[in-house]
Amino acid sequence: MTKTKPTTTPGWVRNLRKLMEDQGYNPRSLSLKAGLNATAVRDMLEGRSRFPRYDTAKSLAAALDTTPTLLMSDDDTANEINTKGGLFSQDLELLTEIIARLQEVTDELNHKLPPRDFAAMTATIYKRIQEGEERKKKISAIRPQIHDLLDYEMLRQKRSRRSGA
């Protein structure tokens, strides 16, 4: 006799369902409003998509008038965001955006970063942007800063190999 493991619905799917119900969307209408293919939301609700890409979450969140962080969060994170307020939520959104863009750039360049370097670059970019100016400029500053840090890291690694050889 084989035991089957009970499946639990991920928190983000529960969030998605609740927001859809509250706002009167069906899967097809939300998919289309978010600019996705007509069956995208249905596929998510039925478990065919374990975790959507960041740009998909961002499109769904915009269509549902929420943030990707709140849409994709578990209950504890959502409560913390609601308790701590707007600035905390903006910081999470900025960090999420930095992580997503850093992952995109490293994938495009086929450059694998060790987790420690990935985290350090994320923190460095976040600090630089927080010290900068208005939010729109912050978001547009992410990719150039990623390229700047990756260029530096690749040069550092080259020099390290040369001096070690």
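The values are calculated or read from the model by the stated rules, or taken from the named source; none is laboratory data. Remember, it's a predicted structure, so these values are computed and weren't measured experimentally. Neighbour counts run over all protein chains shown; Cβ positions are idealised from the backbone, glycine included. Note: areas computed on protein heavy atoms with side chains; ligands, DNA, RNA excluded. Shrake-Rupley method; radii C 1.70, N 1.55, O 1.52, S 1.80 Å.
Restricting attention to the range 88-108, the residues being under 12 Å from Arg53 (Cβ atoms) and among the hydrophobic types (A, V, I, L, M, F, W, C) number 1.
Note on the range 41-79: residues that are more than 18 Å from Lys18 (Cβ to Cβ) and over 18 Å from the mean Cα position of the chain (by Cα) amount to 2. Here Glu133 meets each of (1) modelled with pLDDT under 85; (2) in a helix (DSSP H, G or I); (3) not small (Gly, Ala, Ser) with one exception, condition (2). Under the condition of being at pLDDT 80 or above and over 24 Å from Thr124 (Cβ atoms), the residues counted in the range 81-101 number 1. Residue pairs whose Cβ atoms lie under 6 Å apart, separated by 6 or more positions or on different chains, with the first residue in the range 144-156 and open to solvent by less than 70 Å² (accessible area, probe 1.4 Å) and the second assigned to a helix (DSSP H, G or I) and not charged (D, E, K, R), are Gln145/Ile125; Ile146/Leu102; Ile146/Val105; Leu149/Met121. The criterion of at least 2 residues that are surrounded by 15 or more Cβ atoms within 10 Å (Cβ to Cβ) and touching a Phe, Trp or Tyr at 6+ places or on another chain (Cβ under 7 Å) is met by the following helices (runs of 4 or more DSSP H) wholly inside the range 1-78: 68-72.
Comparison of Thr106, Thr124 shows that the only residue that is in a helix (DSSP H, G or I), surrounded by 17 or more Cβ atoms within 10 Å (Cβ to Cβ) and touching a residue at least 12 places away in the same chain (Cβ under 8 Å) is Thr106.
Residues checked against (1) under 24 Å from Ile146 (Cβ atoms); (2) of a type outside the set (D, E, K, R):
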residue: Thr83; (1), (2): no, yes
residue: Leu92; (1), (2): yes, yes
residue: Ile99; (1), (2): yes, yes
residue: Glu104; (1), (2): yes, no
residue: Leu109; (1), (2): yes, yes
residue: Phe118; (1), (2): yes, yes
residue: Thr124; (1), (2): yes, yes
